[in-house]
């Protein structure tokens, strides 16, 4: 180890309830990985290394949601060790797909999956990191976009705000020259209320956006609900569409609950 | 140093590294005799099978992909095949080939990740690939380029590497054009050569002398190395249609684990993954991959789990060769997907995820809503077998210093490329010595 290592910014990668996909995005940045590893000290990243150096860390990247008492305590310790704490992905920013338990009976859920439910300890809710500790930046997506992750790390190290847009997927569709699927073909699409960042992948593959980047800034979910009804979707279908990978974000939660009330 | 004798000792690894997800290993020794082994899975339960109920059948590939960021294609493929069986959907042969190419992409990406970034550092004595790159830069760069090519296939067909969006019940939302796929030609030609070189390099690693009498289980297909189709076969007499899976395999719930452990009824543990596939399907590998295995002196059957890194490399040769062949012969399907008529039904499917057989069963109602879901990932199936390997392996190395025993045990777990995120839908290492 060179003596410079002590002065390189230290990064820690922490996992809670998740699929590992967002932290894999760092390893999937194949062209940048060795460069990033040269510029920073990856001090704690169990998925990639046996070396697990103690904090403090300059940047903590947190993946996953809080679903157990143990994890609710662990995130407090992680926060204390990280100068800047960034959540990566829909689980850490909105509770993830596992937040589908939040509107249901979790004990019944455990009984469905496990033969001996008393061995399982889990909380009733799957909650985002920001419900437990202050978060400095939230990177959206299920999964995150690796280019946004590289931008986020570079920006944080340079002390500037990361260039991560908060407008809707519609802007990205226009930029790619996609034909608007709901308008032209009557396809149900969450693009108008969903934050950009993916590059409008779903519409480019001729399917409606399913909202995996979560709500954009000030989304008009009521207008979209009305339009989806016009396209022939029933309220159960609309509620299901809002209730997926970002179901526990308050905007999508409100939209799904309103569909159920009508 | 070594503190053997007749006292009991506990060796523990609190957080097992270079595996996907969270687990620990706990091993108790009395002198050099193993008295307990527990692979603990503390990855929190995410309860997929429960919240899939009430969702539309068409959502199963997108939702189950989220069980695992490393092998989402496997989840999508098992889900679509199960639903298509439930609904009697007939798939265009050109779409079948495209699905095979899609799966090859995931195999290349996942195997390259494990061979170069997760497993090779054990053999070369580094804590991770980034440290390893300081002395073996070319090796790591080759691995990253192979991984990138696998990811390129997945994103070209699926829209992105992780949680791709194009696969659906009936086929794909959109299929690539012929020129789009042929653009991968030169990269894949390089990848075939690079994976052959990789197999030769890793075959030269130092392997512990360790063999077990495994029951290997994998899909077998008369005409092809298994990915999406085939019967479930073992080297000890199992030969069943996937529909009979639950008559032969049972899941048990151990107190120390948030993952269910799968067993063969009346027989116990078994092994799925590259070793099983290779041993049961050697004859279906393309000649180029068979020749590489022979050049590497890789026996058939191979019963040494540490040599799985060589088998994974041979499977990369297969996947790159297969992908190249599909791309060169590709004709864009007339329609991206077959029509699906909704009715109630039960469907099951097993496909070969990079880590082994992945089983799904669903029942759906007449509105197409899921009434029941059961998912058995490869790591749940291998979990019992990993513990049994450790029972036998630890006694071979127990007289060595604790640090070395710990590292060797971690390596023995990593032989399986365990995906803990999958198995809880699964791991920490703890070895007790006193």
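Read-outs throughout are calculated quantities, based only on the coordinates presented, and are distinct from any laboratory measurement. Predicted, not measured: the structure shown is a model, and the values here were computed from it. For neighbour counting, all protein chains shown are included, and Cβ atoms are generated from backbone atoms with ideal geometry for every residue, glycine included.
Dividing the summed -39500 (n - 2.57) terms of all DSSP H runs of n ≥ 4 by the residue count of chain A sets its mean residue ellipticity at 222 nm at -10500 deg cm²/dmol.
Centroid-to-centroid, using Cα positions, the range A:120-184 and the range B:147-193 are 24 Å apart. Sort the range B:38-103 into rounded, prolate or oblate with this rule: let a ≥ b ≥ c be the square roots of the eigenvalues of the Cα gyration tensor; rounded if a/c is under 1.5, and if a/c is not under 1.5, prolate when a/b is larger than b/c, oblate otherwise. Since a/c reaches 1.5 but b/c is at least a/b, the shape of the range B:38-103 is classed as oblate. Protection proxy ranking of B:49-59, B:285-295, by the mean of other Cβ atoms within 10 Å over each peptide's residues and highest first, is B:49-59, B:285-295.
If you take the alpha carbon radius of gyration of the range B:70-204 and divide it by 2.2 N^0.38 Å, what ratio comes out, to two decimals? Present the calculation step by step, with values, prior to reporting the outcome.
Working: Rg = 16.9 Å, N = 135, 2.2 N^0.38 = 14.2 Å.
In units of the 2.2 N^0.38 Å rule of thumb, it is 1.19.
The value of relative contact order for chain A, using C-alpha pairs under 8 Å at least six residues apart, is 17 percent.
Exposure proxy shown here: for B:83, B:263, B:132, the number of other Cβ atoms within 10 Å sets the order, fewest to most, as B:263, B:132, B:83.
Return the single residue from A:211, A:159, A:21 with maximal mean-square fluctuation; model: Gaussian network over chain A, springs between Cα atoms under 10 Å. Judging by the Gaussian network model, the answer is A:159.
Ordered by the count of other Cβ atoms within 10 Å of each Cβ, fewest first, A:212, A:19 give A:212, A:19. Largest GNM mean-square fluctuation across A:112, A:179, A:133, computed for chain A with C-alpha springs under 10 Å, falls on A:112.
Give me B:340, A:86 ranked fewest to most by other Cβ atoms within 10 Å of their Cβ, as a rough exposure proxy.
The order, fewest Cβ neighbours first, is B:340, A:86.
Remark: mean inter-chain Cβ contacts per residue of B:20-30 equal 2, using a 10 Å Cβ-Cβ cutoff to other protein chain atoms. Among beta bridges identified by DSSP and lying wholly in the protein assembly as shown, the antiparallel ones come to about 70 percent.
Could you give the Stokes-Einstein D for the range A:64-116 in µm² per second, using the C-alpha Kirkwood radius, 4 °C, 1.567 mPa s? For these conditions, the coefficient is 101 µm²/s. Working note: Cα atoms of the protein assembly as shown, range along each principal axis, descending, whole Å: 76, 58, 51.
Quickly estimate the mean residue ellipticity at 222 nm for chain B, helices only: each DSSP H run with n ≥ 4 gives -39500 (n - 2.57), and the total goes over all residues, rounded to 500.
Details: 16 runs with 184 residues, N = 434.
Calculated mean residue ellipticity at 222 nm is -13000 deg cm²/dmol.
When all alpha-carbon pairs of the range B:229-345 are counted, what percent fall beyond 18 Å? All intermediate terms of the calculation are to be shown ahead of the outcome.
Details: 4514 of 6786 pairs.
The share of Cα pairs beyond 18 Å in the range B:229-345 comes to 67 percent.
Across peptide B:262-274, how many C-beta atoms of other chains are within 10 Å of each residue C-beta, on average?
Going residue by residue through B:262-274 and averaging, the value is 0.
Take peptides A:103-110, B:222-229, A:197-204 and line them up by average Cβ neighbours within 10 Å, highest first, as a rough protection proxy.
Details: A:103-110: 16.1, B:222-229: 18.4, A:197-204: 22.9.
Packing proxy ranking, top to bottom: A:197-204, B:222-229, A:103-110.
Against the globular-protein guess of 2.2 N^0.38 Å, express the Cα radius of gyration of the range A:203-252 as a ratio, rounded to two decimals. Present the calculation step by step, with values, prior to reporting the outcome.
Working: Rg = 10.9 Å, N = 50, 2.2 N^0.38 = 9.7 Å.
In units of the 2.2 N^0.38 Å rule of thumb, it is 1.12.
Please give the helix A:221-230 orientation as an angle from the longest Cα principal axis of chain A, in degrees from 0 to 90, rounded to the nearest 10. Approximately 40 degrees, to the nearest 10.
Let me make sure I get this right: for chain B, a, b and c are the square roots of the gyration tensor eigenvalues over alpha carbons, sorted descending. Under 1.5 in a/c it's rounded, otherwise prolate if a/b > b/c, else oblate. Which is it?
Details: a/c = 1.91, a/b = 1.34, b/c = 1.43.
It is oblate, given that a/c is not under 1.5 and a/b is not larger than b/c.
With only Cα atoms counted, the range B:82-161 has Rg and Dmax values of 17.0, 54 Å.
Taking only C-alpha pairs under 8 Å that are 6+ residues apart, what is the relative contact order of the range A:3-158 in percent?
On the way: 262 pairs, mean separation 42.1, N = 156.
Dividing the mean separation by the residue count of the range A:3-158 yields 27 percent.
Normalised by 2.2 N^0.38 Å, where N is the number of residues, the alpha-carbon radius of gyration of the range A:169-261 equals 0.98.
How many Cβ atoms of partner chains, on average, are near each residue of A:194-202 if near means within 10 Å of its Cβ?
On the way: counts 0, 0, 0, 0, 3, 2, 1, 8, 7.
The shielding value for this peptide is 2.
Under the Kirkwood approximation for Rh and a Cα-based Rg, what ratio Rg/Rh is obtained for chain A?
Reported Rg/Rh, Kirkwood definition of Rh: 1.00.
Please tell me the relative contact order of the range A:72-190 in percent, rounded to the nearest whole number, where contacts are Cα pairs under 8 Å and at least six residues apart. This gives 28 percent for the range A:72-190.
Axis angle, to the nearest 10 degrees, between helix A:146-158 and the longest C-alpha principal axis of chain A: 50 degrees.
What fraction, in whole percent, of alpha-carbon pairs in the range A:3-158 exceed 26 Å separation? Mind showing how you got there, number by number?
Numbers: 3347 of 12090 pairs.
For the range A:3-158, the fraction of Cα-Cα distances above 26 Å is 28 percent.
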